[in-house]
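A quick write-up on the structure given underneath.
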There are 2 protein chains.
Amino acid sequence: MVATVNEFDQTATNPGQRGPAEHQRREQILRAAGEHFRHYGYRKTTVADLAKAIGLSPAYIYKFFVSKQAIGEAVCALCLGERTGALRKIVEETASPVESIRKIYKSLALSGARLFFEDRKMHDIVTASFEERWGNLEAYNHDLIGIIRRVLIRGRELGEFERKTSLEEACRAIQHTMQSFFHPILLEQNLDHLEEDATAVANLVLRSLAP
Amino acid sequence: MVATVNEFDQTATNPGQRGPAEHQRREQILRAAGEHFRHYGYRKTTVADLAKAIGLSPAYIYKFFVSKQAIGEAVCALCLGERTGALRKIVEETASPVESIRKIYKSLALSGARLFFEDRKMHDIVTASFEERWGNLEAYNHDLIGIIRRVLIRGRELGEFERKTSLEEACRAIQHTMQSFFHPILLEQNLDHLEEDATAVANLVLRSLAP
């Protein structure tokens, strides 16, 4: 369903989402959507279901989100934001960039596995966002590249990492090597050896970064 | 549909496939299946459609393949076998293991893109085999690891690659770094930068292999 243009501004940073981002209603809708999706699954939930659960009209919800997918994207953004938040914390709290790289792979693998085992319906929404390339992925990939870049710059400054390779090429290549652990479809197919493989790939990347 | 046990032996190496593998009929069924899938898509084709196209009874086809998926697996195995065949040829014909690594990433990316652009219906079947983890993937992954192992052993013997890392760990880690280029879902989402990214990841792997 495509909503018509309404009186609210389109927020440039969150395509598909309308109205002032700080609006309490928006948070309320997202919380209710998260609960509903977790319980009934994303596919089976309609905007009408959500509206009923919150006690709002569907039209009112469409003032904040242009479609069900826009709600799904915001819910995924929150979920993946927790993941990148954990990575940022690792980078902040770990003195050694070598150690940061190791911990980042492990954190991606474990947080992905945790979502799969403990919050399957949310894992399914995140999977849909990867399969259908929802808008939330751009911010996620951007965040991930930013985190990698930060570790690489620090490692280069400290002399722990080589400096000859173009920084951007190294960042992109490293992000590719993380796919097995952050892409929900690959992660799901690799659960048996996840931690071991994450360590093996982190070690490979660290060998590639050695000065 | 699950076929009942019949008079033919189950071939141990091809689970789901029955009868003497060299049987001409088997080849004939696979050729017709390939054509049919390419034209109408895997999902829309039934074993009855295939039987009609070849002029055989469905029961006769079930003497060779236990299910439609078993036929799909054999068709995918042929398609992916061409890909690993091309990689084997690269390894045989390239003197330098460093060069082999570069060419392997490029070949994976290009053959995957070619399938997507020029043979979409076959790409879709291969995608289904990855999504649903069909039996053909085990042989493919085994082949791929074997090819990587061969290059690594040669590179270590020639002194082009480091020898400290466990060979098996290095092989598995390298295979993970290839996912972006051989996994059809990832490849499909990465078509814009495919060759450039394949080069970047190959370079990363080569830095990790440096003695």
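Values quoted throughout were computed directly from the atomic coordinates according to the rules given, and no laboratory measurement underlies them. Not measured: the values here are computed from a predicted model. Cβ placement follows ideal geometry from the backbone for every residue including glycine, while neighbour counts extend to all protein chains displayed.
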**Fill in**
Answer check: chain B, Cα atoms, Kirkwood Rh, Rg/Rh ratio of 1.04
**Simple spin-label estimate for A:Arg149 and B:Asp119 in nanometres, 7 Å along Cα-Cβ** = 4.0 nm
**Asked** Can you give the average number of partner chain beta-carbon atoms within 10 Å of each beta-carbon in peptide A:191-202, as a whole number?
**Response** 3
**Fill in**
Relative to chain A, whose Cα atoms define the longest principal axis, helix A:68-93 and its Cα axis are tilted in degrees, nearest 10, by 30 degrees
**Message:** Rg/Rh for the range A:28-138 to two decimals, with Rh computed the Kirkwood way over all alpha-carbon pairs.
**Reply:** 1.07
**Prompt:** What number, rounded to the nearest 500 deg cm²/dmol, is the helix-based mean residue ellipticity at 222 nm of chain B, given -39500 (n - 2.57) per DSSP H run of at least four residues and division by all its residues?
**Reply:** -23000 deg cm²/dmol
**Item:** Number of partner chain Cβ atoms within 10 Å, mean per residue of A:164-173
**Value:** 4
**Request:** Taking the dipole about the Cα centre of the range A:76-209, with the C-beta of Lys and Arg at +1 and of Asp and Glu at -1, give me whichever of A:Thr127, A:Gly112, A:Ile101 is farthest to the positive side.
**Result:** A:Ile101
**Request:** Can you spot the lysines whose alpha carbon is less than 17 Å from B:Lys63's alpha carbon? Ignore those fewer than 8 places along the same chain.
**Result:** B:Lys52
**Prompt:** Out of residues 5 or more away from B:Phe65 or on other chains, whose amide H comes under 5 Å of its own, with H placed 1.01 Å from N in the peptide plane?
**Reply:** B:Arg18
**Request:** Take every residue in peptide A:147-158, count the Cβ atoms of other chains within 10 Å of its Cβ, and give the average of those counts.
**Result:** 0
**Complete:** Scoring chain A by relative contact order with C-alpha pairs under 8 Å, at least six apart, yields a percentage of 21 percent
**Asked** Using alpha carbon coordinates only, what is the Rg to Rh ratio of the protein assembly as shown, with Rh defined as the Kirkwood radius?
**Response** 1.02
**Prompt:** Using a simple spin-label model with points 7 Å from Cα along the Cα→Cβ vector, what separation in nm is obtained for B:Lys44 and A:His193?
**Reply:** 3.9 nm
**Request:** Could you tell me how many degrees, from 0 to 90 and to the nearest 10, lie between the Cα long axis of helix B:194-209 and the main elongation axis, the longest principal axis, of the Cα atoms of chain B?
**Result:** 50 degrees
**Asked** Straight-line reach from B:Lys103: which lysines have Cα under 19 Å away, leaving out those fewer than 8 places along the same chain?
**Response** B:Lys89
**Convex hull of the range B:84-163 built on C-alpha atoms - directionally averaged projected area, nm²** = 5.7 nm²
**Asked** Which angle from 0 to 90°, rounded to the nearest 10, does the C-alpha axis of helix B:120-131 make with the longest principal axis of chain B?
**Response** 80 degrees
